[in-house]
């Protein structure tokens, strides 16, 4: 099999990826694009550490063949903060309210929370619990993550 | 602004973590780096008779390491030297490492594994604690026993025939996977002239440092170990990383290239250490009111194939076995035995969750038989100031466990729920239960004295201070609390303190990041070291006794200009009055303890045998809380792991192999499985540690197992199939208990 050229918009920039069609999007992002904020926790779609957006949909990038990025808009954790320059309110809330401990699930968790807030303006706690249930965290027991998302709802966008 | 106790202080490395820029081991690439993997045994016990490399594969592209390539000693340095880095002849557990392979392409490397065939002569394995104790086979030493302890206080044998009640019970706990979300991983560079350097995910850089010296037969200054951002540990990255670091470094030495080894989830779950399974037999004598007259506890843990840290795990489990209760006549006998399971090892709680589960379950059962409540049996026996523990340690602080328990009961609405639950008929059955317990902070007995940990503080030319310690940030907040402590001690800002990356070439050995010791012991050393730092500046006359922040910072800058460097160190000195008799297990087992009462409200669905935890309350006395958000986060996370331990997480072994080594079939709690976890701190007894802080890291692992099982037992109180005596208790296990047949 040969590598193919995959044109996409990656974190707002027109990019062409060079990858085997079935290569995991996770590997292409990490190894070729150096976007290592997307983590591998299980490699089988259970833990959500590799969560990214394809267009506006939340996916586990360990289960997505790179070819599916063709002509799509891909957003990773690095893209949310404009490459670390400006934290989103969810990122600020995770920082302030103890949503991150060891940090390995945090990018995926923040992607999932961001997707929820795009989809639903005023989610309640049950909505949050459901939206994050595909993202495993072993450190926090989730309490401070729920709190971070709830507090983010009340924060202004600036 | 005071920083200690202030929840507004932000996690030191927090921005890097929330933006995805924190650099973990798998995020790091090096020039010419190749990848390594491990070829493992597919039997649990036997001898290697032949190794075949299929000639269809071009092996010239690979670096292959066998036991014969090891330049030094083929043994992982821990307590004993029984575990090889690579098996040469004998196999003692499934998935034991035999060969190492490296190749520039990861996919080729994975494919090559199929082209190696290893033949064995089989020997009969042991997988069961009882069979090991009975010596059905001798698989370790001359009796399969890694270690025994005995704690004796008074004489229980004189009490049995005088007691109003004698209650006996037996309890079991299963293995548990730490399940840090970042798998184990290392990168190594090695050469004959420059020595060995490894980077990786770890809790204890100096354990690895100590382990690599004999492996490569190199002096201390030729081995360098650097911790990269670490995605969780929970004990699972205490001893095991020495093995992986050794493997990566062996491949690096032979190939002459940097070698990266990152375990997949399935490899990590199959081969790395897990919590020790245990069996506990308890016999207690009580007077007619339930007061404890005697306790006899037999505690046995399955250590797996090699000794690793089992004696230390056993020690903590043994000392915690009699719980926070006063009893004049106590006998605890314990054993760690060998089986042909992969070695079990450190996991948050370190033996205590196992023995505490047994005792807290036993007390509920005993109360029922005596005809008193679970509250009464505990309140009549709680340790108090002026009394002694089973090891004879005099309690010098006002514990007030009865108040801690009352608060937990009130918060969970215990008495009201009890009344409501009396009338229920099912199929949904509610129950409430609780456990009371303590957890010793720091190393056991003389452990801290022998460790003799060292920390340092270094001034920088811009007037800031860098913390030098081998203690690792693994999510629990080391960087943040160290900075808070030093900043407050020296009246500086949080931003004035940085924490050096743990690197054995740059930081002193402040001991391993284990045993709930980082805040209390190492934080305490930093507090002292801060005074030394200030005194050094004052002695130089660059700083006056009364000074402002900016004068202090200016003094650092001037000192460096004049003398080149300011760097001070402090070494641990055991406080006077701590006596520990390691032979007889008598004396001050721990410098101090955290005390707690945890309560759970559960529902069991008799149609599906599922248990749901509806509410969880954790009340604990932990001395001073250094960072309220981080501390609560520690407790909440530990409780979620404890909930998993009780009702979700089961390691399934078949013929010594872990069969459910995936997140798909080993079930840890998700966001939908956790109840509200409500944490309450009682800040008193601030006589130890920096600003009065005790250890808290492991405490929350001890309570959930028994609290939840006590609540489940309460929910099922009208069935005749009780008591519940085992964890984990998954729906299929509960079905087995209630219907007599496992599913």
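Every read-out reported here was derived from the displayed coordinates using simple, explicitly stated rules and does not represent laboratory data. Please read these numbers as outputs of a predicted model, since none were measured by experiment. All Cβ positions, glycine included, derive from the backbone under ideal geometry; neighbour counts span all protein chains shown.
What the table below lists for this structure:
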| quantity | calculated |
| --- | --- |
| Coarse-grained scattering of the stretch B:398-552 at q = 0.10 Å⁻¹, given as base-10 log I(q)/I(0) from a Debye sum over alpha-carbon atoms | -0.55 |
| P(r), alpha carbons of the stretch B:503-661 - 10 Å bins starting at zero, rounded % | 7, 20, 23, 23, 14, 8, 4, 1 |
| Neighbouring partner chain Cβ atoms per residue of A:128-134, average, 10 Å criterion | 3 |
| Per-q log10 I(q)/I(0), the stretch B:48-174, q = 0.21 Å⁻¹ (Debye; single scatterer per alpha-carbon; no solvent) | -1.32 |
| Convex hull projection area averaged over all views, the stretch B:510-590, Cα basis, nm² | 7.6 |
| Value of D in µm² per second that Stokes-Einstein yields for the stretch B:486-539, Kirkwood Rh from Cα pairs, at 10 °C (1.306 mPa s) | 127 |
| Hydrodynamic radius of the stretch B:644-743 per Kirkwood, over alpha carbon pairs, in Å | 16.5 |
| Normalised per residue, the volume of the convex hull around the Cα set of the stretch B:15-119 (Å³) | 168 |
| Per residue convex hull volume, Cα atoms of the stretch A:58-158, in Å³ | 111 |
| Relative frequency of Cα-Cα separations exceeding 24 Å in the stretch B:354-472, percent | 52 |
| Convex hull volume of the protein assembly as shown per residue (C-alpha atoms, cubic angstrom) | 173 |
| Peptide-level mean, for A:38-51, of C-beta atoms on other protein chains within 10 Å | 5 |
| Over the stretch B:81-136, equivalent-ellipsoid semi-axes from the Cα gyration tensor in Å | 31, 13, 11 |
| Size-normalised alpha-carbon gyration radius of the stretch B:138-195, reference 2.2 N^0.38 Å | 2.36 |
| The stretch A:1-109: relative contact order in percent, alpha carbon pairs under 8 Å with at least 6 residues between | 30 |
| Spatial separation of Cα centroids for the stretch B:294-315 and the stretch A:85-158, in angstrom | 41 |
| Cβ crowding within 10 Å averaged over residues, with B:551-562, B:705-716, A:72-83 ranked highest first | B:705-716, A:72-83, B:551-562 |
| Normalised alpha carbon radius of gyration of the stretch A:112-158 [divisor 2.2 N^0.38 Å] | 1.10 |
| Rg over Rh [alpha-carbon atoms, Kirkwood Rh] for the stretch B:357-414 | 1.01 |
| Compactness of the stretch B:677-717, expressed as Rg and Dmax over alpha-carbon positions, Å | 14.9, 46 |
| Stokes-Einstein diffusion coefficient of the stretch B:309-377, Kirkwood radius over Cα pairs, 20 °C, 1.002 mPa s, in µm²/s | 158 |
| Average silhouette area of the stretch B:287-349, convex hull of alpha-carbon atoms, in square nanometres | 4.9 |
| Cβ-Cβ FRET estimate between residue B:493 and residue A:15, R0 fixed at 30 Å, reported to 0.05 | 0.15 |
| Rotationally averaged projected area of the stretch A:1-128 (alpha carbon convex hull; nm²) | 8.0 |
| Among B:224-237, B:416-429, the order from most to least packed when residues are scored by Cβ within 10 Å on average | B:224-237, B:416-429 |
| Highest to lowest packing among B:527-538, B:334-345, scored as the average C-beta count within 10 Å | B:334-345, B:527-538 |
| Pairwise FRET efficiency - residue B:461 versus residue A:122, Cβ, R0 = 56 Å, nearest 0.05 | 0.65 |
| Rg followed by Dmax, in Å, when the stretch B:151-278 is reduced to its Cα trace | 21.7, 73 |
| Per-q log10 I(q)/I(0), the stretch B:1-56, q = 0.21, 0.30 Å⁻¹ (Debye; single scatterer per alpha-carbon; no solvent) | -0.98, -1.21 |
| Dimensions in Å of chain B - Rg and Dmax from alpha carbons | 26.3, 81 |
| Whole-Å distance, taken between Cα centres, linking the stretch B:658-709 and the stretch B:6-45 | 24 |
| Dimensionless Rg/Rh of the stretch B:594-655 - Kirkwood Rh, Rg from C-alpha atoms | 1.10 |
| For B:229-240, mean number of other protein chain Cβ atoms within 10 Å | 3 |
| Helix axis angle, A:106-119 relative to chain A longest principal axis, alpha carbon, degrees | 80 |
